[in-house]
1. With the requirement that a residue be crowded, with 22+ Cβ neighbours inside 10 Å, closer than 18 Å to Ala164 by Cα, among the small types (Gly, Ala, Ser) and more than 14 Å from the chain's Cα centre (by Cα), what does the range 63-122 give you?
2. From Leu140, Leu63, Leu113, Leu148, which residue is modelled with pLDDT of 95 or more and within 14 Å of the ligand (Cβ to nearest atom)?
3. Being part of a loop (DSSP other than H, G, I, E, B), of a type in the set (Lys, Arg) and touching a residue at least 60 places away in the same chain (Cβ under 8 Å) is the requirement here; does Arg37 meet it?
4. So is Met179 assigned by TED's automatic domain parsing to the domain that holds Ser80 and either within 16 Å of the ligand (Cβ to nearest atom) or on the phi > 0 side of the Ramachandran plot (or both) or not?
5. If I filter the range 237-247 for residues that are under 23 Å from Val315 (Cβ atoms), of a type in the set (D, E, K, R) and within 10 Å of the ligand (Cβ to nearest atom), do I get at least one hit?
6. Among the residues of the range 329-343, count how many are touching a strand residue (DSSP E or B) at 6+ places or on another chain (Cβ under 6 Å) and over 28 Å from Pro117 (Cα atoms).
7. Which members of the range 260-308 meet the condition of being within 14 Å of the ligand (Cβ to nearest atom), in contact with a strand residue (DSSP E or B) (Cβ under 6 Å, 6 or more places away or on another chain) and touching a residue at least 60 places away in the same chain (Cβ under 8 Å)?
8. With touching a strand residue (DSSP E or B) at 6+ places or on another chain (Cβ under 6 Å) and under 23 Å from Gly334 (Cα atoms) as the only criterion, which of Ser365, Ser417 stands out?
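The values are calculated or read from the model by the stated rules, or taken from the named source; none is laboratory data. On a predicted model such as this, the values are computed, not experimentally measured, just so you know. Every residue, glycine among them, receives a Cβ derived from its backbone with ideal geometry; neighbour counts consider all protein chains shown.
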Amino acid sequence: MSSADTSADESAGGLPPELDDPLFQQAVGQFDQVVERAGVDESLADVLRIPERSLAVAVPMKLDDGSVAVFPGYRVQHSSVLGPTKGGVRYDTAVTLGECAALAMWMSWKCALLRLPYGGAKGGVRCNPRDLSTPELERLTRRFTSELLPVIGPQRDIPAPDMATDDQTMAWMMDTYSMQVGHAVPEIVTGKPLSVGGSVLRPEATGIGVVMVADEAVRRLGWSLAGSAGVVQGSGKVGGVAARELAARGARVIAISDIAGGIHDPRGLDLDRVEEWRRQHGRLGGFPDAEELTNAELLELPCDVLVLAAAENQVTGANAARVTTRLVAEGANGPTTLEADEVLAERGIPVLPDILANAGGVAVSYFEWVQDIQRLFWSADEIRFRLGELMRAALDRVWQLAYGESLSLRRAALVLSIREVATALSARGIYP
Ligand code: NAD
């Protein structure tokens, strides 16, 4: 079987025109690089290249001034072969159907790599969240959730926080869904506040997981995070926590950024003071006793570990040759382009790929869902222990394949995860 010829003007890459987006091309490009090596039959590869289900919705919302604005929203479910789909919801001006499709595909591989019983999904609303008041964000979230009702559910598709969404957003989603079905359904979303069935350690899980994997990787490479210099792009839910976790393991965090730019102190930043400044001023810029720099400059600072925890397409063919680090850890999804991957590989800089490095978030989301379903909650120690076990086991599988067969860590992670999904797909067969 081959892809059905659906239209004469199908894009050159063979993708459906509605998904022909640079980020989706990147995700499919990565898939195509390893699909043969993963031993996936070409007919099954065709099934896995295109998301199972894509929903585009209009999200009308009454603004505080009484006028109505309509925002485009999306939810893409890439594969439900291994279980219900799972993935974040983001509010950002760059959200498109294609971006959600790429992120949903990466969620499928991430869940499979960690051997979680989930497929991948992603969604979002194209808006500038910084322009919206809290009541506007609540109305937007509740209306978006209502539009998603036909496709989400605790055994169907379980949203979580992502860029510019948080535990409050998840509480509104949980409440909206629960009101529709007439009873409380905490397991409909993860990343909720503790008071409505959230899990301890979920807010920190992605950032902690990034550093757990980096720590184990540098140990295998023969050095240690203690005494090393770390640079972190992004200071949100992932970057802020990753910076603290690096410092907790003895690293000096010499630079950190937000969307407007970064701050740099080669002696190591005092992260408590940085956080205090950010809380008071809503930005990092202006922090005393540190040099200010752009996000582009920050990526090129000499360091031992570079954590990318902001957005996609940050290390590209244009700047990869100037990235000066011993290890890149991808806290964000898709921060390194295909071209940059080649340049970094040639320069011998290992990249801990997103589907491995930032999988701590979905791992603890899985623990949250299990706890909600059981109505039985675990301690922080138990969750940290289980998270460590899952992350280290996944890193070990990736490391063995990568160093055993001279593959990059990304290709090894993709081979393992795609094989996992394809094996299940092959066992289930193609319906009908
Ligand atoms: P967030 O909104 O909490 O923080 C994002 C940070 O990046 C902020 O400091 C913001 O100012 C900065 N930023 C945003 N756009 C930027 C740009 N274009 N250039 C430079 N900086 C920019 O979001 P988050 O949850 O920390 O997510 C960051 C990345 O991590 C995203 O790629 C997300 O998909 C990924 N991720 C998040 C989780 C999670 O649990 N939150 C899990 C896995 C992956």
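1. Gly73
2. Numbers: Leu140 fails: within 14 Å of the ligand (Cβ to nearest atom); Leu63 fails: within 14 Å of the ligand (Cβ to nearest atom); Leu148 fails: within 14 Å of the ligand (Cβ to nearest atom).
Sole residue among the options that is modelled with pLDDT of 95 or more and within 14 Å of the ligand (Cβ to nearest atom): Leu113.
3. Details: part of a loop (DSSP other than H, G, I, E, B): yes; of a type in the set (Lys, Arg): yes; touching a residue at least 60 places away in the same chain (Cβ under 8 Å): yes.
Yes: the conditions hold for Arg37.
4. On the way: assigned by TED's automatic domain parsing to the domain that holds Ser80: yes; either within 16 Å of the ligand (Cβ to nearest atom) or on the phi > 0 side of the Ramachandran plot (or both): no.
The answer is no for Met179.
5. Within the range 237-247, one or more residues are under 23 Å from Val315 (Cβ atoms), of a type in the set (D, E, K, R) and within 10 Å of the ligand (Cβ to nearest atom).
6. Taking the range 329-343 and keeping what is touching a strand residue (DSSP E or B) at 6+ places or on another chain (Cβ under 6 Å), we get 329-332, 335-336, 340.
Add one more test, that the residue is over 28 Å from Pro117 (Cα atoms), and what stays is 340.
Going through the range 329-343 one residue at a time, the tally reaches 1.
7. Asn295, Leu298, Leu306, Val307, Leu308
8. Details: Ser417 fails: touching a strand residue (DSSP E or B) at 6+ places or on another chain (Cβ under 6 Å).
Only one candidate passes the filter, namely Ser365.
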